[in-house]
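Every number here is computed from the coordinates shown, using simple stated rules; none is lab data. Note that the structure is a prediction, hence the values are computed from the model and not measured. In this analysis, Cβ positions are derived from the backbone assuming ideal geometry, glycine residues included, and neighbour counts consider all displayed protein chains.
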Amino acid sequence: MKKLQILALLGAIAMPSRALFSEDQSANPPPAAPESPEQRDARMAWWREARFGMFVHWGLYSALAGNWDGKPQGANGNMEWMQNRVGVDTKTYSDAALPKFQPVPGFAKAWAKLAKQAGCQYVVFTTKHHEGFALHDSKFSDFDAGDKLNRDLVKEITEALRAEGIRVGFYHSVIDWHHPDYDFNKAKGLPYPAEAAKLATEPRDHTRYIDFLHNQIEELTKNYGQIDILWWDFSSQEFQGDDAWRSTDLIKKVRSNQPGIIMNNRLFRIPEAGFTGPGTGDVVNRLDPQYGDFVTPEQHIPPTGLPGVDWETCMTLNTTWGYNEHDTSWKSSSEIIRNLIDIASKGGNYLLNIGPKGDGTIPEETVTRLIEVGKWMEVNGRAIYGTTATLLTQLPWGRCTTKKHKDGTTLYLHVFDWPKEGELLVPGLQNKVQSARLLANGKKLEFKKTAAGVEIELPEKAPDPNATVIKLEIIGAPKVAAPNPAA
Ligand code: GLC
């Protein structure tokens, strides 16, 4: 180690101007040249094709499993907000949670395997949630996995994901209930543990918190190889952007460390950034690229998509992001599959959340559902990945996704409600049809053009009760007649 340092020093002395110049540059990177729309498309390409990602909420709250002081804190709601819910300071909170937060060896490999099995192309996991506990080994805090567990959990997770060929995304909370300088007084719209706020009588210097935030982000974007996504969370209308987090500078730093990275818009909360209103679901379909790359409808699917904007719906599997052993309101695998199809048909991505337990293991109800989704994706993934939104939005029996190719367009018809008469009408479709097949086994289906559109003859029973996909090859770009109001 020492020898290397001496050699490096000698190198710097031999070429002083170059070494110093490059150091200067990294300390203060020149403003990035604005990206052309083509460059942006190239950077966004994999994300737009991926369509399906996994969200992971995991931190000290996971170890509490929805309980405080031995008492369940309800069956529904965001249990990653436990500290806020019970209104305690970090010491009380972490004294209760830390002894139970004991990740088993190899937990991350199980996450990565499950993500892969489910068909997720990327995983976004919480490097730090609002509680402030950093999962990496941070030089700037002792409230982190390095100090408390002698482990670097970000490294373990990142390496496990890469080993499965899965893209890596970091969720990072800019809200911090632990840092002594995080000035909760500046934002009524951002949460803070109530009792702890009363206890905090010392004046706070929020600029010191911002420095800390930037430093931890510098560690996260420099020390873990290629990071594909940064998922910020979150700003309020009265405290956001440069005032709250020195956001422009933060984005610039991240981009200089990770030129290909894709970021959401939650460092801001203004209409130009596609995020407005008091609710986390408040999104609008505009986004100036200086504020981020995509918008994040939370827990809902925009009814007609968000044309012209990249978007990703994030959603829980039951009602909580962080693990709650009392929450049994699980979505069925069929509902999850249909949500994914619905989102893809509207041109968005689906970021589906799991909440592992304090030991890093994944609840059984989650595993069984994701395996079911994976089985469907194994057969029908082609009808999701790389597809785009469709003109055929008013389908009474299901949804449609499309893929352009040089000879025409593939329409994937996802049938949710199997027609009783065995005839499926694609209403208003005008194009010449080349072929219709069941995607699962390639079986040819008869079809005919009628005044109403294209009619396809189906087997009597739905081969897949979750959603059966029919692959329709048409010539040219889809042309759809306006629905006949008299029909
Ligand atoms: C909200 C919640 C947070 C969760 C996030 C996911 O902002 O505060 O707990 O992590 O949504 O989108």
Can you bin every Cα-Cα distance in the range 44-126 into 10 Å intervals starting at zero and give me the percent of pairs per bin, rounded to whole numbers? 15, 37, 28, 17, 3
State to the nearest 20 debye the size of the charge dipole of the chain about its Cα centre, where the only charges are +1 on K and R beta carbons and -1 on D and E beta carbons. 1460 debye
Go ahead and estimate [θ] at 222 nm for the chain from helices alone: -39,500 (n - 2.57) per DSSP H run with n ≥ 4, summed, over the residue count, rounded to 500. -9500 deg cm²/dmol
Under 5 Å between amide H atoms, partner at least 5 residues away or on a different chain: which partners does Asn324 have, H built in plane at 1.01 Å? none
Here the FRET efficiency for Lys479 versus Glu335, based on Cβ atoms and R0 = 41 Å and rounded to 0.05, is 0.80
If you wrap a convex hull around the alpha carbons of the range 188-244, what volume per residue comes out, as a whole number of Å³? 121 Å³
Take the Cα atoms of the range 89-217, find their three principal axes, and give me the spread along each one in whole Å, biggest first. 49, 28, 25
Tell me the volume per residue, in Å³, of the convex hull enclosing the alpha carbons of the range 398-475. 87 Å³
Straight distance only, please: which lysines reach the Cα of Lys186 with their own Cα at less than 17 Å, same-chain residues fewer than 8 apart left out? Lys198
Using the Kirkwood formula on alpha carbons, the hydrodynamic radius of the chain in angstrom works out to 24.4 Å
With no solvent and one equal point scatterer per Cα, compute the Debye intensity ratio I(q)/I(0) for the range 216-360 at 0.13, 0.19 Å⁻¹ and report its log10, rounded to two decimals. -0.66, -1.21
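When the expected Rg is taken as 2.2 N^0.38 Å, what fraction or multiple of it is the alpha-carbon Rg of the range 197-284?
Here the Cα radius of gyration is 1.20 times the empirical estimate.
What is the percent of Cα-Cα separations in the range 336-406 that go past 16 Å?
56 percent
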Taking every DSSP bridge whose two residues both lie in the chain, the antiparallel percent to the nearest 5 is 55 percent
Using only Cα atoms, tell me the angle between helix 107-118 and the longest principal axis of the chain; keep it within 0 to 90° and round to the nearest 10. 20 degrees
Going residue by residue through the range 258-273, the Karplus relation 6.51 cos²θ - 1.76 cosθ + 1.60 with θ = phi - 60° gives ³J(HN,Hα) values, rounded to whole Hz and with x marking Gly or Pro, of 9, x, x, 5, 10, 10, 7, 9, 7, 6, 10, 8, 9, x, 4, 9
Residues whose built amide H sits under 5 Å from the amide H of Cys400, excluding neighbours closer than 5 in sequence, are His414
Over the chain, what is the mean sequence separation of C-alpha contacts under 8 Å (at least six apart), divided by residue count, expressed as relative contact order in percent? 15 percent
With N set to the number of residues, divide the alpha-carbon radius of gyration of the range 155-214 by 2.2 N^0.38 Å and report two decimals. 1.56
For the chain, longest principal axis from Cα atoms; helix 333-345 axis from its Cα atoms; angle between them, nearest 10 degrees, is 80 degrees
Taking amide H positions as placed in the peptide plane 1.01 Å from N, state which residues far from Val454 in sequence (5 or more) or on other chains have amide H under 5 Å from it. Val426, Gly428, Leu429
If one takes the longest principal axis of the Cα atoms in the chain, at what angle in degrees, from 0 to 90 and to the nearest 10, does the Cα axis of helix 206-222 lie? 60 degrees
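With r defined as the distance between the Cβ atoms of Ser236 and Glu460 and R0 fixed at 41 Å, what FRET efficiency is calculated, to the nearest 0.05?
Result of the calculation: an efficiency of 0.15.
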Can you run phi through the Karplus equation (6.51, -1.76, 1.60; θ = phi - 60°) for the range 283-293 and list ³J(HN,Hα) in whole Hz, with x for Gly and Pro? 10, 10, 8, 8, 7, 6, x, 5, 9, x, 9
